[in-house]
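Inspection log for the structure reproduced underneath, given as structure tokens.
Each reported figure results from applying straightforward, stated rules to the coordinates on display, with no laboratory input. From a predicted model like this one, the values you see are computed outputs, not experimental measurements. Here the Cβ is made from the backbone with ideal geometry for all residues, glycine too, and neighbour counts use every protein chain on show.
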Amino acid sequence: MKIGFIGCGNMASAMIGGILNKGLYKKEEILASNPTEEEKRRSEERLGIYITLDNKEVVQKSEILVLSVKPQFYQEVLDEIRDVVREGQILISIAPGKTVGWLEERLGKEKKIVRVMPNTPALVGEGMTGACANENVSEEEMKQVCEILDSFGKTEVVPERLMDAVVAVSGSSPAYVFLFIEAMADAAVSEGMPRQQAYKFAAQAVLGSAKMVLESGRHPGDLKDMVCSPGGTTIEAVRRLEKDGFRSAVIEAMKVCVEKSKNM
Ligand SMILES: NC(=O)c1ccc[n+]([C@@H]2O[C@H](COP(=O)([O-])OP(=O)(O)OC[C@H]3O[C@@H](n4cnc5c(N)ncnc54)[C@H](OP(=O)(O)O)[C@@H]3O)[C@@H](O)[C@H]2O)c1
């Protein structure tokens, strides 16, 4: 069973890295394409898998095909590969805004299409992916796809109407978290902490807090209250964050992310 990636950039590399780390596929069972010699060489060096300049070769040699180019290149790539896509092949799309219907129109209604939205923490085995499929994909095949997605993190099968929300809360969200970590570290640096140490403190605080949410099953507000001692330091920081619209800034940012995803 071979898995192929058309476009081997950030997201494909994160997924391939995760798959290889988990040992779900061997290097010889994964192939990908890049459009230039230079990119091809870099991908080969980075991942140690077979890279070709020929997208059709990826389609022909793989049973599961991942479309991992930017959404703006989807039409061009689908036009190029349409004739070599086989019935029975599982097509995984990872682009925001490209609905199952949109993909069916271009590839054929009889094709097996899975729409997924992963995120880059896949690279360290902590990805979070939302997935939905058309009716041609059997339960067994969806299980197989989820096994691949689970190899680099966690997966939730969701109705397609939630996929734009998945883009905002998962696909794009690492960027907001990195921004938050960077901001916290900058503040610590301004207090005299060495930068690398500041990143370690900030990142570990985010990691530990996320673990508490996932493992305790408690409401995040409840966990926040646990940190806020009466008359203490934390409630002062929380008060200031609320005053400056932190919560609303996050919600509004995710709203525009959803809108962008819907209109890609
Ligand atoms: N990055 C994320 O965090 C993230 C998260 C979830 C989903 N996604 C989705 O994943 C997809 C890929 O995103 P990305 O961030 O990985 O982008 P990326 O780093 O730009 O990777 C895309 C790769 O596709 C190559 N490419 C462009 N045109 C091609 C063609 N005609 N044939 C074959 N390869 C081609 C690009 O090469 P050149 O650089 O030479 O153009 C690049 O290597 C997008 O649809 C994106 O929305 C990304």
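Before moving on, here are some points about what is shown:
- Counting other Cβ atoms within 10 Å as a rough exposure proxy, the listed residues 229, 209 run 229, 209 from fewest neighbours to most.
- Summed side-chain charge close to residue 144 - residues other than residue 144 whose Cβ falls under 15 Å, Lys, Arg +1, Asp, Glu -1: -3
- Semi-axis lengths, Å, segment 3-158, gyration tensor of Cα atoms, sqrt of 5 times eigenvalues: 21, 19, 14
- Taking other C-beta atoms within 10 Å as the exposure proxy, 241, 31, 24, 214 rank 214, 241, 24, 31 from fewest upward.
- For the chain, a Gaussian network of Cα nodes joined below 10 Å ranks 116, 213, 85 by mean-square fluctuation, and the top entry is 213.
- When the Gaussian network model of the chain links Cα atoms closer than 10 Å, the mean-square fluctuations of 233, 99, 129 top out at 233.
- FRET efficiency estimate (nearest 0.05) - Cβ-Cβ, residue 226 to residue 204, R0 22 angstrom: 0.80
- When each of 27/109; 98/143; 61/111 is checked by Cα-Cα distance, pairs over 25 Å: 27/109
- Global size of segment 122-264: 18.4, 59 Å for Rg and Dmax (C-alpha atoms, Rg to one decimal, Dmax whole).
- Mean separation of Cα contacts under 8 Å (6+ apart) over length of the chain, as relative contact order %: 15
- Residues considered: 162, 223, 179. Largest GNM mean-square fluctuation over the chain, using C-alpha springs under 10 Å, is found at 223.
- Rounded to the nearest 20 debye, the dipole magnitude of segment 3-158 is 260 debye, with +1 charges on Lys and Arg beta carbons, -1 on Asp and Glu beta carbons, and the Cα centre as origin.
- When +1 charges are put on Lys and Arg Cβ atoms and -1 charges on Asp and Glu Cβ atoms, the dipole computed for the chain relative to its Cα centre reaches about 420 debye.
- For the pair segment 202-264 / segment 132-188, the C-alpha centres are spaced 19 Å from each other.
- Treating r as the C-beta distance of residue 110 and residue 253 and R0 as 35 Å, the FRET efficiency rounds to 0.35.
- Over 23 Å [Cα-Cα, the chain], rounded percent: 57
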